[in-house]
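Chemist: A single structure is presented below for examination.
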Amino acid sequence: MSKAFFSHKKEDSTRILSDLAPVIMTPRMISAAATVSSRSRGAFTSIKSGPRMDFATLGRAPLRLTLGNRRRVTSRDLQVAEATQELLVADVPEPDGVASDVSLLRGFNATIPSSEKNRTRRRQLRHVDLPKVGLRKLGMQARAMLEDDGEDGHSVVSEDDVVVVDQRRRKGKRKARESLSTTKMLGKDELTRQAHEIIGDKENLHVRQNLVQNEISEVENKIKALDLIRDQLERDLLKIQEDELELDAELQGIQERLEFEEATPKHHKVVAPQAHHVPPSRRRKGPVFLPSEHDELPPAIAFMTLEGHLTPITALDFSEPYGTLVTSSQDDPQPRVWDLMTASEIGRLRGHRGGVKCIQVEDNLCLTGSEDGSVRLWDLRLVDDDWEKDGLTNVTEEDSSSYHDGELIEKPDYTRSATVSEAGTDSDGGPCVRTFDGHTKPVTTLYFEDECLVTGASDKTLRQWDLTTGQCVLTMDILWAISHSQVTPLGNQLPLSGAAAATGTFAVPTPPYADGSWDMYQDFVGGVQFWGYGLVSGSGDGAVRMWDMRTGQAHRTLFGHTGPITCLQFDEVHIVSGSLDKSIRIWDVRSGGVFETLKYDHGVTALQFDTRKIVAATGENGVKIYNRTTMQHSTLRTNGHTRPVDRLRYMDRYLASGGRDSTVKIWTL
């Protein structure tokens, strides 16, 4: 008897262990147990500084079986032993979720298959013994599953499926059949028991419902986690796309550099400035040469500030990062030249009789357009000569003999311009190489490449110049293009009245800047750029026009802006224009439609873009950057301007910005 009893206990222990084995002997449990048991004795020294022992820590300890053999004492065991008194007086933490309402045993009883046995028992008690009526056969016939004969030719219908039919014809009145519920009595005790079972089953259903809801919550949390993983993967994919675009630009830059070095003879030394040999930096792609220390600078921060101007910056451009920078400010006829390597002012460009509104620098050449209606070509290598140092003043001199042999002429807009002798060349050896006269109003924008220069002015004309001879070879009249346009402007297009066109006046109040200030905008031509024979201009009527420089005709007009266009740029695929209507529009060059529109809170005064980003000045103290891949906006503010930014120019990871606070900031991108 005793032997049988112990044998029974052994079988129960074996069964329990076999049931627990799949739960205990998981890879995670085995790995945790191995890690804990294999810790070195040096771990005992870190017990004092370890985390505080609590029930959560104790619950995370791996389960260890000690059947028969003593195991090695671990640091966790010592922690538990040392914290025994603390654990005894600590409050047992309350469980969260379903576990706070349902015990482990209650949840187990509600989910095991035996929880349905009461319902099965009650169903069986309601069965009534009756003659065979063939319900199974009727159900099979209804499902079209009954076969007439089996494979051996015998019927597959069993005797239980046979419908018993009394062949004798019944005569007389038909006897009423009694209800099935009256043929069987359950008794009070049975009914009471069933009522308690039903209540228990309902509780089980409630527990199972909570468990299912908890599983749904877990699934939702997993879905959220997967969504986060998906978002991260999408960001990684966008980063890969950005890297691909960067590599494409770098490859194109290397190809351009290879062509340049192959075309440049070895030991070639440039003696005189040759504009037509300078590659255009505004269309140059790929990385540029930077000092090695530039990588040590934190990104998106202004690390250099150039002070010296007394009025808001109106134009700026530089030859290369850490090269030569030329800036101009409002009502100052003398642009300043800076050495970006030392952050010092080299000198000034003296010669204009009005404020300078546009600048372009290519290598050692600089072109400036002024309110006096003239454009000047400068050699920046001659700025620091004795001519500049001796004649440098803060006030524009009235005597023209210190500049050239020409005379001053009053123009209709009350600005004075110099008529230079000897076909517009400077004869006194200063940095001014050539002067281009022809516009009757302030020159507001310019762009030159190779031997060609195109200027736009407030006299509502575009002029094409030959840099070699200094002659105007073509004049494009914007008013004529407006009057002969075959495209009807939109209903909200900025109107240009006939009176304004006749008198030649154009003045539009700018939207308020972020600091509340505003100006009168009088630059009818806000931006111009050409590539080959294709020319694109943006004007005060809010239209982007595409010109053929061989004929001087505007062959396409893009309407969409509702304010004057202040800046634009284009490449092989897109035209990007900024306007005082607080928007930037990206146009498709091939179709002429709007590809994308960016909205801002203030007017756009300057922009530049490449295949990856658009950098813009939008009437705020910071510089706006739009990532064209991720479609995200960011702002450069750290150590930035104290008043709104008006002008900017960048190359690769190097950016210069000029603001209404009269300072120039140099940024890392």
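Chemist: From Arg230, Arg193, Arg235, grab the single residue that is touching a residue at least 24 places away in the same chain (Cβ under 8 Å) and either touching a Leu at 6+ places or on another chain (Cβ under 8 Å) or open to solvent by 100 Å² or more (accessible area, probe 1.4 Å) (or both).
Modeler: Arg235 is the lone residue from the list that is touching a residue at least 24 places away in the same chain (Cβ under 8 Å) and either touching a Leu at 6+ places or on another chain (Cβ under 8 Å) or open to solvent by 100 Å² or more (accessible area, probe 1.4 Å) (or both).
Chemist: Ok, one more. Give me the pairs: first residue in the stretch 470-491 and assigned to a helix (DSSP H, G or I), second residue modelled with pLDDT of 75 or more, beta-carbon distance under 6 Å, and six or more apart or on different chains, which are they?
Modeler: Ile478/Lys460; Ile478/Ser539; Leu479/Lys460; Ala481/Ala554
Chemist: Can you tell me which residue in the stretch 486-512 is modelled with the highest pLDDT, limited to those that are small (Gly, Ala, Ser) and open to solvent by less than 40 Å² (accessible area, probe 1.4 Å)?
Modeler: Gly504
Chemist: Run Asp459 past the list (1) closer than 20 Å to Leu380 by Cα; (2) open to solvent by less than 50 Å² (accessible area, probe 1.4 Å); (3) at pLDDT 50 or above and report the number of the one that doesn't hold.
Modeler: (1)
Chemist: Sticking with this structure for a sec: Do the conditions hold for Arg628, that is, is it touching a residue at least 12 places away in the same chain (Cβ under 8 Å), open to solvent by 40 Å² or more (accessible area, probe 1.4 Å) and in contact with a Leu (Cβ under 6 Å, 6 or more places away or on another chain)?
Modeler: Values: touching a residue at least 12 places away in the same chain (Cβ under 8 Å): yes; open to solvent by 40 Å² or more (accessible area, probe 1.4 Å): yes; in contact with a Leu (Cβ under 6 Å, 6 or more places away or on another chain): no.
Judged against the criteria, Arg628 is not a match.
Chemist: Which residues, taken from the stretch 618-650, are in a loop (DSSP other than H, G, I, E, B), on the phi < 0 side of the Ramachandran plot and of a type outside the set (S, T, N, Q)?
Modeler: Taking the stretch 618-650 as the starting set, the residues that turn out to be in a loop (DSSP other than H, G, I, E, B) are 618-622, 628-631, 637-644.
When the remaining residues are screened for being on the phi < 0 side of the Ramachandran plot, the result is 618, 620-622, 628-630, 637-638, 640-644.
Answer for the stretch 618-650, where residues must be in a loop (DSSP other than H, G, I, E, B), on the phi < 0 side of the Ramachandran plot and of a type outside the set (S, T, N, Q): Glu620, Gly622, Arg628, Arg637, Gly640, His641, Arg643, Pro644.
Chemist: Could you tell me which numbered condition Ser292 fails, if it satisfies all but one of (1) modelled with pLDDT of 85 or more; (2) open to solvent by 50 Å² or more (accessible area, probe 1.4 Å)?
Modeler: The one condition Ser292 does not meet is (1).
Chemist: Another question, if that's okay. Just for the stretch 513-569: of the residues that are hydroxyl-bearing (Ser, Thr, Tyr) and part of a loop (DSSP other than H, G, I, E, B), which one is most open to solvent (accessible area, probe 1.4 Å)? Before the answer, list the steps.
Modeler: Of the residues in the stretch 513-569, the ones hydroxyl-bearing (Ser, Thr, Tyr) are 513, 517, 521, 533, 537, 539, 551, 557, 562, 566.
Then drop every residue that is not part of a loop (DSSP other than H, G, I, E, B), which leaves 513, 517, 533, 551, 562.
Values: Tyr513: 24, Ser517: 28, Tyr533: 141, Thr551: 80, Thr562: 55 Å².
Among residues in the stretch 513-569 that are hydroxyl-bearing (Ser, Thr, Tyr) and part of a loop (DSSP other than H, G, I, E, B), the one most open to solvent (accessible area, probe 1.4 Å) is Tyr533.
Chemist: Determine, yes or no, whether Leu474 is surrounded by fewer than 22 Cβ atoms within 10 Å (Cβ to Cβ) and at pLDDT 90 or above.
Modeler: Yes; evaluated as a whole, the condition is true for this residue.
Chemist: Which condition breaks for Met341 when tested against (1) over 21 Å from Arg643 (Cα atoms); (2) in contact with a strand residue (DSSP E or B) (Cβ under 6 Å, 6 or more places away or on another chain)?
Modeler: (2)
Chemist: Name the one entry in Asp601, Asp610 that is open to solvent by 40 Å² or more (accessible area, probe 1.4 Å) and in contact (Cβ under 8 Å) with a residue 60 or more places away in the chain. Can you show your working first?
Modeler: Numbers: Asp610 fails: open to solvent by 40 Å² or more (accessible area, probe 1.4 Å).
Of the residues listed, the single one that is open to solvent by 40 Å² or more (accessible area, probe 1.4 Å) and in contact (Cβ under 8 Å) with a residue 60 or more places away in the chain is Asp601.
Chemist: Related question: Looking only at the stretch 344-378, which residues are open to solvent by 10 Å² or more (accessible area, probe 1.4 Å), touching a residue at least 40 places away in the same chain (Cβ under 8 Å) and over 30 Å from Tyr521 (Cβ atoms)?
Modeler: Asp363, Asn364
Chemist: Let me ask you something else. Can you tell which of Ser591, Ser583 is free of Cβ contacts under 8 Å to residues at least 60 places away in the same chain, open to solvent by 20 Å² or more (accessible area, probe 1.4 Å) and of a type in the set (Gly, Ala, Ser)?
Modeler: Just one listed residue meets the conditions, Ser591.
Chemist: I would also like to ask the following. Checking Ser577 against (1) in a strand (DSSP E or B); (2) of a type in the set (S, T, N, Q); (3) over 22 Å from the mean Cα position of the chain (by Cα), which single condition isn't satisfied?
Modeler: With respect to (1) in a strand (DSSP E or B); (2) of a type in the set (S, T, N, Q); (3) over 22 Å from the mean Cα position of the chain (by Cα), Ser577 is out only on (3).
The values are calculated or read from the model by the stated rules, or taken from the named source; none is laboratory data. Since we're looking at a predicted model, the values are computed, not measured. FYI the Cβ positions are ideal-geometry reconstructions off the backbone, even for glycines, and counts take in every protein chain you see. The area values use the complete protein model at the heavy-atom level, side chains included, leaving out ligands, DNA and RNA. Shrake-Rupley method; radii C 1.70, N 1.55, O 1.52, S 1.80 Å.
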